[in-house]
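Down below is the structure, laid out as structure tokens.
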Amino acid sequence: MKDPWIGRTVALLLGGICGSYLPGQSRVLVFGILVLFGVRLILWRPREFFGRVFRPEILLCGASLLLGFGYGALAERTLPEPLILDRVEIVGMIKDWTINEDMAVGILRVEEGELIGQTYRLTVYPNKTGDIPGEWERIRPGDHVNFRANIERPKPLGTPGGFDRRLYYGVRGLSGTLSAQGDVVVLAIGEPSLSWTIRQQVRNRLQAFDSEEVGVLEGILFGDSSRIPDEVQERYKVTGVLHVFAASGSNVAFVLGLSWLLLGFVPKGIRISGTILVLLLYATLCGGNAPIVRATIMGIAFLLGRLGRGKVATLRWLLFAGVGLFIHNPLIIQDVGFQLSFLATWGIVVLTPRILKLEFLVKVPKFIRFAIAGTLAAQVATLPVLMTAFHRLSLIGLLTNIFILFAIGSVLEVGLIGVLLSFTGELSAPFFQVSLWLLDGVNRFLKVLADLPYADVWVLNPGFLFGLFWYGGIGTFLWGKQKTLFWLKGKSLFLKRGFKTIVSKIFVRFPLEIPQAVQQRFVLQTIPPLSRDRVFVQIVALLLMVLFLWSPWNFQNDLEIVMIDVGQGDAILIRTPRKQAILIDAGPRNDRFDAGERIVLPYLLLNRIRHLNALLITHEHQDHIGGVRTVLANVPTDWVGVPDVGERLDNEEWKEGLPEKSANQDLGLRMLQAGDRIDLDSGAWLDVLGPNQILEGTHSDANNNSLVLKLNYLGKSVMLTGDMEQEEMVNLVKTGENLETDIFKEPHHGSRFSLYRPWLDSIRPYAVWISVGKNSFGHPSQEVLQYWGDRQVPVFRTDEHGTLRLLIGERGILFIPGH
């Protein structure tokens with residue numbers, strides 16, 4: 001290896017990734033295996049496998065791997081424990097502050113009390129008249145303030161594939177959120193930073209322009225996407241260029257390119273130093289937030305590498321930057337933004353020179369050739385991470401990113417000149433106007449591309465093997481096919497010799513009459529008895545560990561029911577042993593949040609569910625039907641089941657929740673009522689218990705006409721109750737149906753209106769589960785919790801345990817919380 005530091009830093013980062021992503025219960029075991037493997041590797045002919053690599057270097061790489069593993073495994077301990085407190089007195093200093101149309105947001109560091117030293121995201125909502133209350137409008141960064149607020153520290157990620165707010169805050173140095181209650185008292189007036197003053201000055205200058213692109217320009221300049229309309233953000237997302245609003249990698253690259261171009265007349269050392277200074281100033285201007293600091297460090301590492309002797313020096317500095325960020329905050333190794341920035345920079349450094357040599361680029365003009373090669377390199381390097389993290393793939397991303405490289409680069413560079421001249425409106429106005437004109441053209445072009453069929457598609461979780469083969473293919477491309485095949489052949493011969501030795505030791509341990517053909521095939525080697533015993537024990541131990549860690553046959557006949565943590569709402573997935581998938585409800589949707597897009601669909605794709613056999617909707621309330629449209633638009637579904645409630649299906653809530661084509665049966669809309677049976681595979685089935693009849697004039701007609709189901713498998717049953725309340729419960733009890741069940745879903749998120757004791761007293765469930773999130777209704781009711789507590793029935797809640805998995809098989813029933 002030409003540069004030993006590359007191997008050491010790569011080993012450290014790989015160890016950190018393994019330590020961070022492995023489940024907690026597996027880390028100690030894997031760490032022990034790595035230690036044993038490392039010791040064995042050092043003592044067992046390392047030169048045959050590694051070639052001319054000195055044993056101390058192997059030891060250093062192994063030590064780096066173990067150190068990174070341990071440091072990454074301990075990263076979660078830096079996160080604060082979940083916490084919810086109401087109307088707590090807060091004394092602190094405002095570090096950042098922005099007033100938007102719908103709220104004011106800022107960053108505050110607590111200076112007194114038990115939370116001293118912690119940093120929180122502060123939110124102030126408008127009062128009843130739509131104004132920011134009292135003194136909050138006059139707050140500026142640097143002010144020391146006193147007020148009351150509700151405190152919330154995020155709980156651990158409840159649903160795999162969802163947005164991990166706890167990790168997001170931890171990477172950015174935040175402990176949680178503060179929601180201000182009432183007015184604020186200013187204890188001392190501070191002095192805002194120069195960067196904040198400039199940003200506010202630019203915002204004031206841009207208010208003079210009546211253009212919908214103003215919010216987009218702010219997002220490109222400073223990474224503030226709060227003023228960008230949702231439809232514009234979706235347009236940029238579909239075309240694969242949403243990253244321009246992150247004020248991170250692409251923006252830093254544009255600034256770096258502009259500075260490098262303007263300083264082209266000075267010596268190389270001064271040119272690099274000047275560009276680094278410009279990057280630091282831009283990071284300061286953007287408020288020094290985590291993404292921009294990360295990207296700036298990557299850019300500086302790239303520039304420092306230019307002082308060396310080419311690609312190796314640049315790669316070394318890039319890895320040093322990654323290790324430095326990892327040591328500063330071990331959580332960053334799990335941050336998707338860091339992963340994408342690091343891999344994109346690596347791709348540009350390592351892959352671009354090789355891509356430039358491809359035949360189809362030779363005759364392309366130089367400036368376009370470099371743009372295509374750099375864009376292609378970054379996209380190739382980040383593709384598996386993008387697919388795994390977002391489950392979306394922009395099929396026109398390469399084209400739009402090449403276009404954006406020139407268009408948004410021009411917008412950013414002209415806009416930054418306007419920022420530098422923003423001390424006077426007369427000088428800055430022309431530059432801002434040109435930037436807005438350019439943006440208008442960009443938006444029109446992206447709108448045309450976003451409207452193309454299959455501009456972007458949702459994709460299944462590609463899995464570990466896809467990433468392994470993808471990056472293995474990149475390695476083959478870099479190293480060359482002949483060298484790769486030669487190396488693989490050499491290692492296969494080494495492994496073959498090792499296998500022959502192992503087989504010979506097993507035969508010596510257990511003397512058998514070995515056929516002549518086998519003796520000719522394997523050269524059996526005689527070894528001392530003590531060594532044979534040690535090797536045999538090691539082999540058996542390794543095989544046993546593999547069997548314990550990987551045993552797919554354990555659950556292959558189990559039926560799985562998953563209560564997906566969607567917050568205040570319902571979404572339940574049933575997976576049969578033969579992989580039929582039935583989804584019951586799809587979570588809430590409102591103006592700011594769609595559980596179908598943010599939670600349910602990513603969960604389905606993460607678990608490689610590409611098809612639904614049925615989607616059942618219990619009733620029309622938005623916390624159940626809200627995410628249905630997103631799911632149906634992206635996952636092929638055989639049919640949709642709704643309760644047979646007659647004319648109620650024509651109300652506005654049903655119409656808003658169901659896609660329009662459901663009305664003409666294009667989705668196979670089925671009306672379900674009591675007595676229906678839905679057969680699944682492997683002997684499982686769903687009995688429809690309700691609605692038995694259409695109820696009117698109840699406490700909530702929508703809730704009391706909910707679809708009520710009973711899942712049966714291997715003599716076990718699960719009652720799925722929707723949001724039924726006492727009126728429907730009374731009605732079902734009168735039918736005389738067998739309501740006994742092993743697992744009971746508490747109706748209506750644990751509402752007191754669903755506490756009908758005659759039904760509940762008649763059943764003896766092993767456990768109760770409740771789908772509930774943060775709400776203002778008091779769900780779950782203390783009466784309901786007290787009832788089940790008095791009966792000593794365990795209660796599992798999604799707001800406390802996250803996504804809940806229930807496995808039913810021949811061995812019984814198994815609850816797995818937090819998956």
Checklist line | Heavy-atom accessible area per residue - the chain, 1.4 Å, Å² | finding: 50
Item checked: Ranked by how many other beta carbons lie within 10 Å on average, peptides 697-708, 418-429, 73-84, 146-157 from highest -> 697-708, 146-157, 418-429, 73-84
Checklist line | Carbon/sulfur fraction of accessible area - the chain, other protein chains in place, 1.4 Å, % | finding: 60
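Please compute the alpha carbon radius of gyration of the stretch 145-207, then divide it by the globular-protein estimate 2.2 N^0.38 Å. Two decimals is fine.
Details: Rg = 16.9 Å, N = 63, 2.2 N^0.38 = 10.6 Å.
Normalised Cα radius of gyration, the stretch 145-207: 1.59.
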Check: Once phi is turned into θ = phi - 60°, what whole-Hz ³J(HN,Hα) does the Karplus curve with 6.51, -1.76 and 1.60 give for every residue of the stretch 700-713, x standing for Gly and Pro?
Finding: 8, 4, 4, 5, 7, 10, 5, 6, 10, 10, 10, 8, 10, 6
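Taking 1 over the mean of 1/r across every pair of different Cα atoms in the stretch 747-810, what Kirkwood radius in Å do you get? It would help to have the intermediate numbers written out before the result.
On the way: mean 1/r = 0.0794 Å⁻¹.
Its Kirkwood hydrodynamic radius stands at 12.6 Å.
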Next item on the list: Report the local net charge at ASP96: Lys and Arg +1, Asp and Glu -1, summed over other residues whose C-beta lies under 11 Å from its C-beta.
Entry: +4
Next item on the list: Write down, largest first, the equivalent ellipsoid semi-axes of the stretch 605-656 in whole Å, where each equals the square root of 5 times an eigenvalue of the alpha-carbon gyration tensor.
Entry: 23, 12, 8
Item checked: Calculated diffusion of the chain, Stokes-Einstein form, Kirkwood radius summed over Cα pairs, 25 °C and 0.890 mPa s, µm²/s -> 80
Notebook entry, point to check: So how many Å³ per residue does the convex hull of the Cα atoms of the stretch 138-280 work out to?
Noted result: 203
Checklist line | Among ILE327, GLY62, ASN127 the positive-end extreme of the charge dipole of the chain (Cβ point charges) | finding: GLY62
Item checked: Calculated from backbone phi, Karplus (6.51, -1.76, 1.60) coupling profile of the stretch 599-614 in Hz, x at Gly/Pro -> 10, 5, 4, x, 5, 4, 5, 4, 8, 6, 8, 9, 7, 10, 6, 6
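Quick one: Kirkwood hydrodynamic radius for the stretch 250-380, alpha-carbon pairs, angstrom, one decimal? Don't jump to the answer; show the numbers that get you there.
Numbers: mean 1/r = 0.0648 Å⁻¹.
Computed over Cα pairs of the stretch 250-380, the Kirkwood hydrodynamic radius comes out at 15.4 Å.
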Note to self: With just the Cα atoms defining each centre, how far is the stretch 556-590 from the stretch 250-270? Give it in Å.
What the structure shows: 52
Notebook entry, point to check: Local charge sum around ASP570 (other residues, Cβ-Cβ under 12 Å, Lys/Arg +1, Asp/Glu -1)?
Noted result: -4
Next item on the list: Calculate the dipole size of the stretch 741-819 relative to its Cα centre from +1 charges on Lys and Arg beta carbons and -1 charges on Asp and Glu beta carbons; express the result in debye to the nearest 20.
Entry: 80
Next item on the list: Go through ASN150, TYR756, SER259 and say which Cα lies farthest out towards the positive end of the charge dipole of the chain; charges sit on Cβ, +1 for Lys and Arg, -1 for Asp and Glu.
Entry: SER259
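Would you mind counting up the charge near ILE139? Only other residues with Cβ under 13 Å from its Cβ, with Lys and Arg at +1 and Asp and Glu at -1.
Numbers: positive: LYS95, ARG138, ARG140; negative: ASP96, GLU135, GLU137, ASP143, ASP183.
Within the 13 Å Cβ shell, the charges total -2.
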Next item on the list: Calculate for the chain the 222 nm mean residue ellipticity that helices alone would give, adding -39,500 (n - 2.57) per DSSP H run of length 4 or more and normalising by residue count, nearest 500 deg cm²/dmol.
Entry: -15000 deg cm²/dmol
Margin query: How much length would be gained if the chain were fully extended between HIS328 and VAL793, taking 0.36 nm per residue of separation minus their Cα-Cα distance, in nm to one decimal?
Written below: 162.8 nm
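The values are calculated or read from the model by the stated rules, or taken from the named source; none is laboratory data. Being a predicted model, the structure only gives us computed values, none of them experimental. Cβ coordinates were reconstructed from backbone atoms using ideal geometry, including for glycine residues, and neighbour counts include every protein chain displayed. Accessible surface areas use protein heavy atoms only, side chains included; no ligands, DNA or RNA. Shrake-Rupley method; radii C 1.70, N 1.55, O 1.52, S 1.80 Å.
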